[in-house]
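S.K.: My structure is below; once you've seen it, I'll send some questions.
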Amino acid sequence: MVSTIQNTDVKQKDADRAVVVAVTSRAVFESGADGDDVYGMGVAFPLLQALQRVNERLLEENPAESLLFDVVLITTDSQQQQQSSRIISSTRHYGLEVSRFCFSSEEDFVESLQKNNVQLFLSTDRNEVPQASQKGVLSALLDRQEAPSEQLRVMFCGDAVNRPDAGPMPASRQAAQSFSAQLGEMRQRFGMSDSPLSIVLMTSHGGRESCGGALRTLRSRGVNVDEAYCLAGAPLSPILSVVRPHFLLSDGFSGLED
Amino acid sequence: MCEVKPNNSAPTEDIGAERDWAATKAFFDSLKTNKPRPPKPQYAVTIAVSSRTLFDMVAERKIYEDEGLEQYVAYQVEHENDPLMPGVAFPFVKALMNVNSRLRKLYPDSEELFDIVLMTNNHAQVGVRLINSINHYGTLKQTLLIKSCSSIAAATMFMTQTETLSETQLRVAFDGDAVLFSDESEIIVKQHGLDTFFEHEKEFENKPLAQGPLKCFLEALGKLQRKFYAKNERMNCPIRTYLVTARSAASSGARVLKTLRSWGLEIDEALFLAGAPKGPLLQKIKPHIYFDDQMFHIQGANEMGTISAHVPYGIGQKYHKGKLIEQPAKKE
């Protein structure tokens, strides 16, 4: 069963223009002792704060801005569903800019994502991410970060290994294209330095042609990346520890270099 | 700027990294060109160069300084199909690539090669022009573009007008004290004078000097040189190393040679100047790069057309032409 509750503490976003990002409540909150009314801060907490800061800066530039992040908190199993009141009260307690809560279970959480027009789904669960992605929802895995940056950092992997395409463009590729275009547009609202949002391109195995091609492709979609890393087989973790992206999008980004 | 990699891969090797490497190998194998793929990083000698040393970006730099970041990037994007002119490190990098192609012929399956990494603070949009420029010259194989440079001890290269350098032999020249060796002896010269220095070096002739910041690079070069010797290519070796030191052979030179020997390192030519200016000798050697810790020597070498690289290490940074640089009193 899927139910959606609006957070009355927060102004609702423009449904046509906002970038809907769904984050699992398990990623945002950490279960503390059973007695507590309020959860502890989870892995995705710094990410939510970074999204919020982007919104604040966007509204500073233009108080009538409608291209904002619209954050939805989603439960993805029945157990979490039982905790709905705690999830809502914890959200309010921290003053998180979450506009809606979706309560769903394992069977129907993807449906819930689709119904809510979610453009990006973020979870700490390794099973949920491919499940959503197979149904065409752009998804990424969240991990605990050492020293998360205040600036929102999104990393695109430009030459992700291609799954064999069956027929027309896979839905997640399309989702990736539109999400990246929106992100690119958001990025343009700020100058080159002092931006609350940074877009990073990484190509992992191709040579500089892959990277150059990906740079140009993204540019043609209105995405001017800030940083580019052409690894050509070099290990990824040193770069990740320097760049500290909040999440890495590879799903749907294969073939950028073409 | 480099580390000597162990011969065996570490037992805790990342499985994910192996998989990425396998994907890279497969990717390059599937390419229909003859372009070689980059070497596996943990076996290679990694050399990082900045975009401004690889290419001449003096005019662009002026735009950045006069008109700001946005205009600078816009200019670069507007001109991204105009290849940049070669910079001061270009001959050096070409010489490294030449060594790689000679090594590949002799050892087709080895990953012990130079791995050239481009590290730049430049905005990623400038990356397109950098990539186009690299493609234009067609000689460089591997780049890694990075936005923010981490603080690795490195050498600063200086622009100069040079004559044509060898395209078949990489020549690397090193100063001795505070470059290959620690600055321990240089401290003695600066603080106690030359006579004390000579006495000290004679007394401790058999005690190896401590290593300096570029010792590992000499070591890496030596390792690659031995690969040529093993295939009978000593006379035709595409790497040649030089020591150019103000020490004199008679009085303080022995300690240097004995130190190198104790490290198991060879240097092809050791030149003891006994205090004479380094410029004229370097002009004859024509190295692709000359490492020195003292700006005074760098400037002298530069004036005579030698590509020099300043190693910002040791007591030499506090002195100019033998005189202690007055530091303003630090405010607490």
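The values are calculated or read from the model by the stated rules, or taken from the named source; none is laboratory data. All values derive from a computational prediction rather than experimental measurement. Because the Cβ atoms are built from the backbone with ideal geometry, glycine has one as well, and the counts that use them run over all protein chains shown.
S.K.: Based on this model, can you work out whether residue B:312 counts as within 18 Å of residue B:184 (Cα to Cα), surrounded by fewer than 15 Cβ atoms within 10 Å (Cβ to Cβ), in contact (Cβ under 8 Å) with a residue 12 or more places away in the chain and not polar (S, T, N, Q)?
M.R.: Numbers: within 18 Å of residue B:184 (Cα to Cα): yes; surrounded by fewer than 15 Cβ atoms within 10 Å (Cβ to Cβ): yes; in contact (Cβ under 8 Å) with a residue 12 or more places away in the chain: yes; not polar (S, T, N, Q): yes.
Judged against the criteria, residue B:312 is a match.
S.K.: How about the range B:222-332: which strands (runs of 3 or more DSSP E) wholly inside it have at least 2 residues that are of a type in the set (S, T, N, Q)?
M.R.: Working: elements: B:239-245, B:269-272, B:289-292, B:308-310.
Result: B:239-245.
S.K.: Also, I was wondering about something else. With the requirement that a residue be more than 9 Å from chain B (Cβ to nearest Cβ), over 19 Å from the mean Cα position of the chain (by Cα) and either assigned to a loop (DSSP other than H, G, I, E, B) or within 19 Å of residue B:22 (Cα to Cα) (or both), what does the range A:190-223 give you?
M.R.: A:190, A:194, A:203
S.K.: Also, quick follow-up: I need the full set of residues from the range B:154-197 which are of a type in the set (S, T, N, Q) and more than 15 Å from residue B:295 (Cβ to Cβ), in order please. Before you say what the answer is, go through the steps one by one.
M.R.: First pass over the range B:154-197, keeping only residues of a type in the set (S, T, N, Q): B:156, B:160-162, B:164, B:166, B:168-169, B:182, B:185, B:191, B:196.
Selection gives B:161, B:162, B:164, B:166, B:168, B:169, B:182, B:185, B:191, B:196.
S.K.: In addition: Please work out if residue B:99 is assigned to a helix (DSSP H, G or I), within 13 Å of chain A (Cβ to nearest Cβ) and touching a residue at least 12 places away in the same chain (Cβ under 8 Å).
M.R.: For residue B:99, the condition - assigned to a helix (DSSP H, G or I), within 13 Å of chain A (Cβ to nearest Cβ) and touching a residue at least 12 places away in the same chain (Cβ under 8 Å) - is not met.
Residue by residue, here is whether (1) in contact with a Leu (Cβ under 9 Å, 6 or more places away or on another chain); (2) closer than 23 Å to residue B:169 by Cβ; (3) of a type in the set (Gly, Ala, Ser); (4) away from chain A (no Cβ under 14 Å) holds:
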site	(1), (2), (3), (4)
B:43	yes, no, no, no
B:52	no, no, no, yes
B:57	yes, no, no, yes
B:66	no, no, no, yes
B:69	no, no, no, no
B:77	no, no, no, no
B:133	yes, no, yes, no
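S.K.: A further question follows. Do we find a residue being in contact with a Phe, Trp or Tyr (Cβ under 8 Å, 6 or more places away or on another chain) and among the β-branched types (Val, Ile, Thr) anywhere in the range B:129-142?
M.R.: Within the range B:129-142, not a single residue is in contact with a Phe, Trp or Tyr (Cβ under 8 Å, 6 or more places away or on another chain) and among the β-branched types (Val, Ile, Thr).
S.K.: Is it fair to say residue A:169 is surrounded by fewer than 21 Cβ atoms within 10 Å (Cβ to Cβ), touching a His at 6+ places or on another chain (Cβ under 8 Å) and at pLDDT below 90?
M.R.: no
S.K.: Look at residue B:116 and say whether it is within 14 Å of another protein chain (Cβ to nearest Cβ), in a helix (DSSP H, G or I), at pLDDT below 90 and under 20 Å from the mean Cα position of the chain (by Cα). Even if it seems obvious, please write down each step before you answer.
M.R.: Values: within 14 Å of another protein chain (Cβ to nearest Cβ): yes; in a helix (DSSP H, G or I): no; at pLDDT below 90: yes; under 20 Å from the mean Cα position of the chain (by Cα): yes.
So residue B:116 does not fit the description; no.
S.K.: The conditions are (1) crowded, with 18+ Cβ neighbours inside 10 Å; (2) modelled with pLDDT under 75, and residue B:16 fails exactly one of them. Which is it?
M.R.: Answer for residue B:16: the failing condition is (1).
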